[in-house]
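K.L.:
Here it is: the structure, laid out below.
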Amino acid sequence: MNLAPGRVNDSNSYTQTDRIPEQHIIIAGAGRVGHRTAQLLSDYGHDVYLIERDSDTVEMVIDNWTGVVIEGDAEDPQILRQAEPSQADVLAALTGDATTNFAICAEMQHLTTHIRTIARVNNLNGENRKNEFIDEIVYPERTGSKATVNRIQENNIRTLEEVTGDLDILNIRVHPQSPAAGKQLNEVVLPDGCHVISDADGTEVARPETTLERSRRYLVAAEPSVVDDVQKLLIG
């Protein structure tokens, strides 16, 4: 099934009458990232408009998703208007090209100023974080890499896959022979940029008197630059 440019497919979009959409969300780009994101948000009860310019991708999405699909270029203000931006809470530009995503967010800001904009980027350089038209950036490849690493390496250390910014939240099992095993936190010299969050049972915030018990797991917040030092200290 192909739609003419600018046509909207909304068949079955409002069949889930038992749910009240919490947010009106526009997603530009129906590739793997955009399509999956739209599916999850729709499952959570949000009202999602998905914009995609490639007719073959549109056809695939329509066959696998019941939400609103608009075929067209999201950089075109006429296409963006079909997604009712005045009613929208969030625009997520998730195409595979960061420059295109920035342009989409900029165009949306010309249509409405109250909307929150999110852009997918190809790297995490400083310029991405300073764009005046973007409230937040996402880098799916980073999360995907963490998920892959978790499945490849041994179970001593895992990185939580959903984190904010560059901070890593680690789930670490203290090796019985590690330098910190059996010691209280006030006896352990943690690297700067690192903080033990929870006790061994995960029921209380870690305190100076918390003992790092052998073979028990702890949540640790760490800046990426010190993750290796944390691993050496708690795993060896």
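The values are calculated or read from the model by the stated rules, or taken from the named source; none is laboratory data. What you see is a predicted model; the values in this text were computed from it and never measured. Glycine also receives a Cβ, built like all others from the backbone with ideal geometry; neighbour counts cover every protein chain displayed. Keep in mind that these areas ignore ligands, DNA and RNA; they rest on the heavy atoms of the full protein, side chains included. Shrake-Rupley method; radii C 1.70, N 1.55, O 1.52, S 1.80 Å.
K.L.:
For segment 171-201, what are the residues that are at pLDDT below 90 and either of a type outside the set (Asp, Glu) or surrounded by fewer than 12 Cβ atoms within 10 Å (Cβ to Cβ) (or both)? Outline the logic, then answer.
P.N.:
Step one: of segment 171-201, the residues at pLDDT below 90 are 171-173, 198-201.
Listed by number, the residues that qualify are 171, 172, 173, 198, 200, 201.
K.L.:
Mind counting the residues in segment 23-42 that are part of a loop (DSSP other than H, G, I, E, B) and crowded, with 24+ Cβ neighbours inside 10 Å? Spell out the reasoning first.
P.N.:
Quick first cut of segment 23-42, residues part of a loop (DSSP other than H, G, I, E, B) only: 23, 29-31.
Narrowing the set further to residues that are crowded, with 24+ Cβ neighbours inside 10 Å leaves 29-30.
Total satisfying the criteria: 2.
K.L.:
Residue under question is residue 214, and the condition is that it be at pLDDT below 90 and more than 30 Å from residue 103 (Cα to Cα); does it hold? Explain how you work it out, then say what you get.
P.N.:
Details: at pLDDT below 90: no; more than 30 Å from residue 103 (Cα to Cα): yes.
So residue 214 fails the test.
K.L.:
So which residues in segment 99-122 are open to solvent by 30 Å² or more (accessible area, probe 1.4 Å) and polar (S, T, N, Q)?
P.N.:
The answer is 99, 109, 113, 122.
K.L.:
Restricting attention to segment 202-211, and to residues there that are loosely packed, with under 11 Cβ neighbours inside 10 Å and in contact (Cβ under 8 Å) with a residue 12 or more places away in the chain, which single residue is farthest from residue 170 (Cα to Cα)? If you could, list the steps in order and put the result at the bottom.
P.N.:
As a first pass, look at segment 202-211 and keep what is loosely packed, with under 11 Cβ neighbours inside 10 Å: 203-205, 208-209.
Now narrow it down to the ones that are in contact (Cβ under 8 Å) with a residue 12 or more places away in the chain: 208-209.
Values: 208: 19, 209: 21 Å.
Among them, the one singled out is 209.
K.L.:
Of the residues 112, 117, 99, 66, only one is among the hydroxyl-bearing types (Ser, Thr, Tyr) and under 12 Å from residue 35 (Cα atoms); which?
P.N.:
Values: 112 fails: under 12 Å from residue 35 (Cα atoms); 117 fails: under 12 Å from residue 35 (Cα atoms); 99 fails: under 12 Å from residue 35 (Cα atoms).
Sole residue among the options that is among the hydroxyl-bearing types (Ser, Thr, Tyr) and under 12 Å from residue 35 (Cα atoms): 66.
K.L.:
Suppose we keep only residues that are of a type in the set (A, V, I, L, M, F, W, C), outside any strand (DSSP E or B) and surrounded by fewer than 23 Cβ atoms within 10 Å (Cβ to Cβ) within segment 43-98. Which one would you say is modelled with the lowest pLDDT? Steps first, please.
P.N.:
Residues of segment 43-98 of a type in the set (A, V, I, L, M, F, W, C): 48, 50-51, 58, 60-62, 65, 68-70, 74, 79-80, 83, 88, 90-94, 98.
When the remaining residues are screened for being outside any strand (DSSP E or B), the result is 58, 60-62, 65, 74, 79-80, 83, 88, 94, 98.
This time we only want the ones that are surrounded by fewer than 23 Cβ atoms within 10 Å (Cβ to Cβ), so: 60-62, 65, 79, 88, 98.
Details: 60: 91, 61: 91, 62: 90, 65: 82, 79: 96, 88: 94, 98: 91.
Across segment 43-98, the extreme among qualifying residues is 65.
K.L.:
Please specify each residue of segment 187-201 satisfying the condition of being touching a Phe, Trp or Tyr at 6+ places or on another chain (Cβ under 9 Å) and either among the charged types (D, E, K, R) or under 23 Å from residue 224 (Cβ atoms) (or both).
P.N.:
Going through segment 187-201, the residues touching a Phe, Trp or Tyr at 6+ places or on another chain (Cβ under 9 Å) turn out to be 196-200.
Across segment 187-201, the qualifying residues are 196, 197, 198, 199.
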